[in-house]
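The values are calculated or read from the model by the stated rules, or taken from the named source; none is laboratory data. As the structure is a computational prediction, the values presented were derived from the model and not from experiment. Positions of Cβ are generated from backbone atoms using ideal geometry, with glycine treated the same way; all protein chains shown enter the neighbour counts.
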């Protein structure tokens, strides 16, 4: 049986099943199986023979302690009752009694009485890429199909670091894009190569890769070279792991240029002083255009996306049946969710940009008092914010080229829509003639 190097997607749908639980409990419904995909290209979906042969083990750790469940071969839907709260969920898949894939999600907020979704990406365990696309999973005794590593080594090159006391001994590798390759879409950097850690992203490694839409920097990387991501204006956001101890000058030069807002999330540091003290170049921020591009996470968890549903779309904005075929996502609130306060829409989801606000995405969400649309958004569907009567002001990014009919229908004259043009006639022709609903106050801002 072929063991494809794949990523499983597991959707956990949390639904209220009042006849089966105690008051205040929640039922986690796990739908198992899915598609193949990874950041440096895509692989074929696993066939039914593989999916029907997998045995699953789930471990949950949360408010009521820890519990472990095993599920039989070929299981597709299972249910676990838990108390509401923050849960860490780890999933393992076994094939022929060998670990085949694993994944985890930390701090998932389980709410009683409403539906939520969380996605766990399942990766081949302990695999390390090697020369010519060879790979090993010997650490766990798991056999690997090396197609994934072959795709990585087609676009990336790895250069060695030697032991100073013995220049015949390689101790680690750095990585950069191959000169002849044009990168399109997201890229996955493996944590190891030839069984040795990848510790550096080289000087100018991805410089001016305009079509690079996302990149995964693995924990273990300690150095990001000068101008490593300079001019990578297509990346909506990037996360720097806490293992990074040095960033060179201008590593993100020209980010948030041309009116597009990009984000740099920094783990393990609460402010600029901490990064300089850690050995980051004092001018690593040189060339960044806006003050709010850099977000210091400290020990904070990533943004909560549990109230949203993300639909995979292709380059034309049309829905696709499987996220393996997606180049971006459209977003809307989940059914049954009551939103309130400031609405924070993420710029990306699992490494791909959020480019569309779905039609009727937040219709009649009267509890929302404000929202910021990320610069990754290019279209707003019809009636997307219709009836959101508590939002005082919204600003449409200059990246938005299409707005559907009545996107802001039933807004009142006390609500303001800021438009990034100097007058009505200058907005894109793809904006519907009745996009604003006719009642809101429109303020035109020079683009």
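Of everything listed in (1) over 30 Å from residue 334 (Cβ atoms); (2) at pLDDT below 85; (3) surrounded by 14 or more Cβ atoms within 10 Å (Cβ to Cβ), the single unmet condition for residue 273 is (3). Looking at region 66-110, which of the residues that are surrounded by fewer than 16 Cβ atoms within 10 Å (Cβ to Cβ) and part of a loop (DSSP other than H, G, I, E, B) is modelled with the lowest pLDDT? Looking at the filtered set, the residue picked out is 76.
Applying the set (1) surrounded by fewer than 19 Cβ atoms within 10 Å (Cβ to Cβ); (2) assigned to a strand (DSSP E or B); (3) modelled with pLDDT under 65 to residue 126 leaves exactly one unmet item: (2). Here residue 160 meets the list (1) at pLDDT 90 or above; (2) part of a loop (DSSP other than H, G, I, E, B) almost entirely, failing just condition (2). Taken together, the residues in region 177-217 that are within 21 Å of residue 241 (Cα to Cα), at pLDDT below 80 and in a loop (DSSP other than H, G, I, E, B) amount to 3. Quickly run through region 179-193 and pick out the residues that are within 13 Å of the chain's Cα centre (by Cα) and closer than 13 Å to residue 153 by Cβ. Hits for region 179-193 are 187, 188.
For (1) free of Cβ contacts under 8 Å to residues at least 60 places away in the same chain; (2) surrounded by 21 or more Cβ atoms within 10 Å (Cβ to Cβ), each residue gets a yes or a no:
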{"position": "333", "(1), (2)": "yes, no"}
{"position": "337", "(1), (2)": "no, no"}
{"position": "357", "(1), (2)": "yes, yes"}
{"position": "360", "(1), (2)": "yes, no"}
{"position": "366", "(1), (2)": "yes, no"}
{"position": "382", "(1), (2)": "yes, no"}
{"position": "386", "(1), (2)": "yes, yes"}
{"position": "391", "(1), (2)": "yes, yes"}
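Looking only at region 225-270, filter to residues that are over 23 Å from residue 191 (Cα atoms) and modelled with pLDDT of 90 or more; which one of those is nearest to the chain's Cα centre (by Cα)? The selected residue is 255.
Selection over region 228-238 of residues that are without any contact (Cβ under 8 Å) to a residue 40 or more places away in the chain and either surrounded by fewer than 23 Cβ atoms within 10 Å (Cβ to Cβ) or not assigned by TED's automatic domain parsing to the domain that holds residue 156 (or both) gives a count of 4. All of 211, 194 fail the test of being farther than 16 Å from residue 251 by Cα and in contact with a helix residue (DSSP H, G or I) (Cβ under 8 Å, 6 or more places away or on another chain), apart from 194. Taken over region 417-442, residues that are in contact with a strand residue (DSSP E or B) (Cβ under 6 Å, 6 or more places away or on another chain) and farther than 23 Å from residue 376 by Cβ amount to 5.
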